[in-house]
Amino acid sequence: MARKEDCIFCKIVAREIPAFVLFESESGLAFLDVNPLSDGHLLLVPRDHYERLSEVPPPIAAELAEAIPCLGRALLAATKAEGFNVLLNEGAVAGQVVPHVHFHLIPRKSGDGLGYRWNAGAYQTGRAEEIAAAYKKAMPDI
Ligand code: AMP
Ligand code: ZN
């Protein structure tokens, strides 16, 4: 199993430091976030150490993604939340602090005061076409 010494989430996977583990599969583990944005905020991580989602092999990514609806149903039942956010911060620029890829599942209730800036913009003429073409060039195999 690929692990990185001194990675806090590798240590949780190896049960070297404590965590409230909620779920385990062949590829992944879910546990409570120690500093939750709301009660029941959980993290879903691969067992192997990958820093970023964009580095995770498709079968492992698929197995992690497969667990999200089930974890979401458990979250709703366990926390009585009305909904939840699934969040992944890729890279420090996006807010990633722990460099072992993890999905956040964050329970949401009306009036909980959580949220983030969603400064939506609009494309100038021709820009969406340029971006779409760049995407197509970047993923010829998909
Ligand atoms: P991110 O900013 O996306 O890298 O989020 C890292 C998350 O890991 C934060 O929400 C932390 O509260 C959480 N975290 C850090 N250390 C631990 C730990 N030992 N056990 C559980 N959650 C942790
Ligand atoms: Zn790790």
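The values are calculated or read from the model by the stated rules, or taken from the named source; none is laboratory data. This is a predicted model, so every value here is computed, not measured. Glycine also receives a Cβ, built like all others from the backbone with ideal geometry; neighbour counts cover every protein chain displayed. The accessibility values were calculated without ligands, DNA or RNA, using every heavy atom of the protein model including side chains. Shrake-Rupley method; radii C 1.70, N 1.55, O 1.52, S 1.80 Å.
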Review point. Taking G126, is it modelled with pLDDT of 95 or more, more than 9 Å from ligand 1 (Cβ to nearest atom) and either loosely packed, with under 10 Cβ neighbours inside 10 Å or of a type in the set (G, A, S) (or both)?
Key: yes
Checked the range 68-122 for anything among the aliphatic types (A, V, I, L, M), in contact with a Pro (Cβ under 9 Å, 6 or more places away or on another chain) and closer than 27 Å to D6 by Cα; matches are A92, V101, I106
Condition set outside any loop (DSSP other than H, G, I, E, B) and in contact with a helix residue (DSSP H, G or I) (Cβ under 9 Å, 6 or more places away or on another chain), scope the range 1-24, selection most open to solvent (accessible area, probe 1.4 Å): answer is L22
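Results for (1) open to solvent by less than 20 Å² (accessible area, probe 1.4 Å); (2) more than 10 Å from ligand 1 (Cβ to nearest atom); (3) assigned to a loop (DSSP other than H, G, I, E, B), shown as yes or no for each residue.
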{"residue": "L43", "(1), (2), (3)": "yes, no, no"}
{"residue": "D48", "(1), (2), (3)": "no, yes, yes"}
{"residue": "V93", "(1), (2), (3)": "no, yes, no"}
{"residue": "H100", "(1), (2), (3)": "yes, no, yes"}
Whether any residue in the range 50-58 is within 23 Å of Y116 (Cα to Cα) and within 15 Å of ligand 1 (Cβ to nearest atom) is what I want to check. yes
Scanning the range 25-63 for residues that are of a type in the set (A, V, I, L, M, F, W, C), away from ligand 2 (no atom under 14 Å from the Cβ) and within 23 Å of V97 (Cβ to Cβ) gives A30, L32, V34, L37, L42, A61
